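Written out below as structure tokens is the structure these notes cover.
The values are calculated or read from the model by the stated rules, or taken from the named source; none is laboratory data. Everything quoted here is computed from the prediction, not taken from an experiment. Methodologically, a virtual Cβ is constructed for each residue, glycine included, from the backbone with ideal geometry; neighbour enumeration extends over all protein chains shown. All accessible areas refer to the heavy atoms of the entire protein, side chains included, with ligands and DNA or RNA removed. Shrake-Rupley method; radii C 1.70, N 1.55, O 1.52, S 1.80 Å.
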Amino acid sequence: MSAPNASGWKPGTLVSGGAGETLTSTGNRALMLEEPLIFEIGSTETTGVDFSPLPFRGGDGGGACSEIGDIPHPNPSPEGEGLANRLGGFARDAEFGLPGLSEPEAVRHYTRLSRQNYAIDLGLFPLGSCTMKHNPRLNEKVARMPGFADVHPLQPVDTVRGALEVINELAFWLIDLTGMHGVAMTPKAGAHGELCGILCIRAALEARGDAREVILVPESAHGTNPATAAFAGYRVEDIPATAEGRVDLEALEARLGPDVAAVMITNPNTCGLFERDMKAISDAVHAAGGFVYCDGANFNAIVGKVRPGDLGIDAMHINLHKTFSTPHGGGGPGSGPVVLSEALSPYGPLPYTARTKDGVVHLIEEESAEAFSNEHFGGKLASFGRMSAFHGQMGMFTRALTYILSHGADGLRQVAEDAVLNANYILRSLDDVLDAPFGASGPCMHEALFSDKGFAEGFSTLDLAKALIDEGFHPMTMYFPLVVHGAMLVEPTETESKQGLDQFIAALRTVAERARNGDETLKTAPHHAPRRRLDETLAARKPILAYEGSGAPPGKPQLSEQGGS
Amino acid sequence: MPRYFTDEHEWIDVEGDTATVGITDYAQGQLGDIVFVELPRVGSEVARGKDAAVVESVKAASDVYAPITGEVTEANGALEDDPALVNSSPEDQGWFFKLTIANKSELDGLMDAAAYKSFCDSL
């Protein structure tokens with residue numbers, strides 16, 4: 001029996017003269033193909049479409065084209081009005097280099113590019129706080145039903161009652177799951193939802209004649225939180241964290257005052273920890289006359305277990321593309337409904353849906369808003385306005401509601417339990433080789449946080465992440481949250497099997513050991529990817545964002561395209 | 001020309017009624033390769049402990065705080081073309097901005113070189 005791995009090869013070993021270093025005449029490496037830009041392949045002479053010949057100039061009623069002999073042309077031109085080309089005055093003066101590919105060449109080009117993507121359908125995507133979970137195919141089946149897929153937002157309301165039912169049904173699930181009073185369904189993604197919630201808070205404060213200036217945000221907040229507060233016209237101040245990675249309640253209470261409009265807190269937070277003092281925080285903020293915004297991006301860790309409404313939260317966005325499994329990243333679009341407390345609900349945006357006693361779901365827009373609220377809510381609502389042209393991300397509503405109904409209340413609770421179980425399995429399987437700064441704070445929630453403490457001198461989180469690419473995994477979130485040095489934030493989600501997690505853990509243990517032992521090959525990883533280590537500094541300082549070939553010459557502008565007279 | 005340091009890793013050189021501000025060698029080392037620096041407008045007022053500039057590295061974007069209150073008199077235009085100066089010469093050519101000193105007593109709370117060094121060693 002021969003000894004295994006006699007050559008001593010391990011991932012990252014530099015191969016000299018081996019297959020990895022042998023140049024092929026095409027530049028391709030086995031079946032991993034090099035693909036040039038679309039402008040660099042084909043020629044402008046090639047086309048995937050055959051045009052029918054031009055109508056014959058000067059025919060006599062039944063004119064014919066020379067190429068097709070005796071067959072009468074189907075669209076003969078009247079005598080004397082034949083065409084030189086089809087472009088009329090739009091013809092360009094010079095060649096402008098549109099790519100020219102036959103149909104199979106075009107199909108191969110995009111298919112080859114797609115092979116260079118990494119996707120949730122290919123493997124684990126452990127980005128922390130991003131919740132890159134499997135998108136169930138049942139969601140897709142339902143979203144593609146013609147009754148949902150083919151509706152248009154400008155159709156008469158009577159022809160889309162089913163779609164309104166979906167929006168309303170999902171709205172009530174979200175209200176029930178969060179223990180809140182109302183929900184704004186129109187925001188298009190998480191940050192849009194944050195803005196919606198903060199604008200509700202602003203409207204509520206201004207309505208009571210007490211516009212305030214400051215929003216408090218913890219250091220470990222998602223970057224969009226302070227950005228949202230600033231965008232809505234507030235000054236942002238930090239709330240410090242305790243040594244165990246949670247909001248410092250005493251420091252927060254000391255800062256509260258008549259100038260504080262709201263606090264924005266992520267719970268569970270980006271250290272992967274549940275904010276145990278959340279109710280006390282809310283009570284303190286309310287006592288000071290402010291509101292509590294919760295970033296609900298991490299709701300998947302507590303759905304079915306904790307209702308944010310019970311914790312005193314006034315507004316929270318829910319990323320349907322995280323917790324409720326609608327596509328995320330390049331597969332989006334996102335969707336970020338915002339649940340609202342009783343105090344904020346009257347200020348939510350238009351349009352909204354509501355079911356009246358006769359069982360009909362109405363769509364309430366500007367023209368009917370006042371009459372509807374007088375009739376059904378016993379007074380005037382004070383909506384801050386409109387955030388989007390239509391009613392929200394309908395295609396995501398159908399998917400999210402499918403996910404909710406296919407899981408049921410008990411299934412959703414298990415989602416949270418499994419997400420937390422998987423993250424703790426990662427945390428405890430690695431905390432002997434990677435430093436877990438808050439490991440002693442107890443179990444983590446849906447994500448495990450590590451630092452670069454213990455790496456050999458000169459080795460960084462970036463090196464480890466690049467080596468993980470060689471192991472066939474998308475790296476985790478790096479250098480976030482900022483409160484941890486060289487942070488690595490891993491969120492496995494509940495849709496990974498134990499076997500899948502074990503393989504990831506084995507890979508991460510290997511690269512962590514290499515970082516601790518100062519394995520020099522780590523610094524040049526990835527070695528097996530289509531591209532080696534990229535120069536990120538140059539990419540940021542001098543990015544080349546467009547094809548630098550010859551530009552298209554301008555056409556001659558028509559009168560209607562010219563400005564001025 | 002005395003030089004002071006803040007616990008947010010800015011340095012400040014005082015020369016009469018004006019001062020020059022930058023980030024420390026320790027700070028640039030933590031940030032990694034700097035790719036962009038946003039400087040305050042000349043003539044704008046900055047307040048002690050409030051954001052005055054933004055520095056962006058391949059890892060993160062961070063605020064740079066004004067060590068003292070004052071009016072910005074000059075911003076280092078060289079950083080726009082070559083933000084790497086902050087990495088190569090953080091405490092000299094990579095300075096961020098100059099400002100007038102509104103209140104000299106604000107300097108009292110800052111660290112000197114020895115205190116800053118032991119502060120960094122404790123991190």
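Observations
- Accessible area (Å², 1.4 Å probe, nearest 10) - B:SER62: 30 Å²
- Here A:MET145 and A:ALA254 are evaluated by their C-beta separation; at R0 = 45 Å the FRET efficiency comes out at 0.25.
- Where the stretch B:3-103 is the region considered: accessible area per residue in Å², 1.4 Å probe: 44 Å²
- Between chain B and chain A, roughly 800 Å² of accessible surface gets buried, counting both sides and using a 1.4 Å probe.
- With both residues required to sit in the protein assembly as shown, DSSP beta bridges show an antiparallel share near 70%.
- Amide H to amide H, with H built 1.01 Å from N, A:THR266 comes under 5 Å of A:ASP295, counting only residues 5 or more places away or on other chains.
- The stretch A:307-332-the stretch A:403-480 distance, computed between alpha-carbon centres (Å): 20 Å
- Karplus-derived 3J(HN,Hα), 6.51/-1.76/1.60, for each residue of the stretch A:338-350, Hz, glycine and proline x: 10, 7, 10, 6, 4, 5, 9, 3, x, 9, x, x, 9
- Taking θ as phi - 60° and the Karplus parameters 6.51, -1.76 and 1.60, the scalar couplings of the stretch A:33-50 work out to 9, 6, 10, x, 5, 5, 6, 9, 10, x, 9, 5, 7, 8, 8, x, 10, 9 Hz in sequence order, x denoting glycine and proline.
- Computed [θ] at 222 nm, deg cm²/dmol, chain A (DSSP H ≥ 4; -39,500 (n - 2.57); rounded to nearest 500): -9500 deg cm²/dmol
- Span-like helix check, chain A: qualifying full DSSP H segments, with Cα axial length of 30 Å or more and mean Kyte-Doolittle of -1.0 or more, are A:394-430.
- Solvent-accessible area lost in complex, 20 Å² minimum, residues of the stretch A:460-490 relative to chain alone, 1.4 Å: A:TYR479, A:LEU482, A:HIS485
- Neighbours of A:THR47 by Cβ distance under 15 Å: Lys/Arg scored +1, Asp/Glu scored -1, total -4.
- Counting heavy atoms of the protein chains alone, A:MET145 has an accessible area of about 90 Å² for a 1.4 Å probe.
- Across peptide B:56-63, the average count of Cβ atoms from other chains found within 10 Å of a residue's Cβ is 4.
- ³J(HN,Hα), Karplus 6.51/-1.76/1.60, whole Hz, each residue of the stretch A:294-307, x for Gly, Pro: 10, 6, x, 4, 9, 4, 4, 7, 10, 4, x, 10, 10, 9
- Given charges at beta-carbon only (K, R positive; D, E negative), |dipole| of chain A in Debye: 620 debye
- Under 5 Å from the amide H of B:VAL35 lie the amide H atoms of B:GLU56, B:SER57, B:VAL58, each residue being 5 or more positions distant or on a separate chain, with H modelled from the backbone and absent for Pro and chain starts.
- Computed over neighbours whose Cβ is under 15 Å from that of B:GLU80, the net charge equals -2, Lys and Arg +1, Asp and Glu -1.
- Both radii were evaluated on the Cα set of the protein assembly as shown; the Rg over Rh quotient, with Rh as the Kirkwood radius, amounts to 1.03.
- Here the peptides A:267-278, A:419-430 are ranked by packing, the mean other Cβ count within 10 Å, and the order with the highest first is A:267-278, A:419-430.
- Between B:VAL64 and B:ALA52, B:ALA53, B:VAL54, B:VAL55, the built amide H atoms are under 5 Å apart, and every one of these is 5 or more places off in sequence or on another chain.
- Listed pairs A:LYS305/A:LYS380; A:LYS322/A:LYS542; A:LYS453/B:LYS117; A:LYS322/A:LYS466; A:LYS322/A:LYS357; A:LYS133/A:LYS188 exceeding 28 Å between Cα atoms: A:LYS305/A:LYS380; A:LYS322/A:LYS542; A:LYS322/A:LYS357
- Rg/Rh for chain B, where both radii come from Cα atoms and Rh is the Kirkwood radius: 0.93
- The stretch A:415-538 - Kirkwood radius from inverse mean 1/r over Cα pairs (Å): 14.7 Å
- For the stretch A:140-399, carbon and sulfur atoms together expose 55% of the accessible surface, with a 1.4 angstrom probe and every protein chain in place.
- Relative contact order (%) - criterion: Cα under 8 Å, at least six apart; region: chain A: 17 percent
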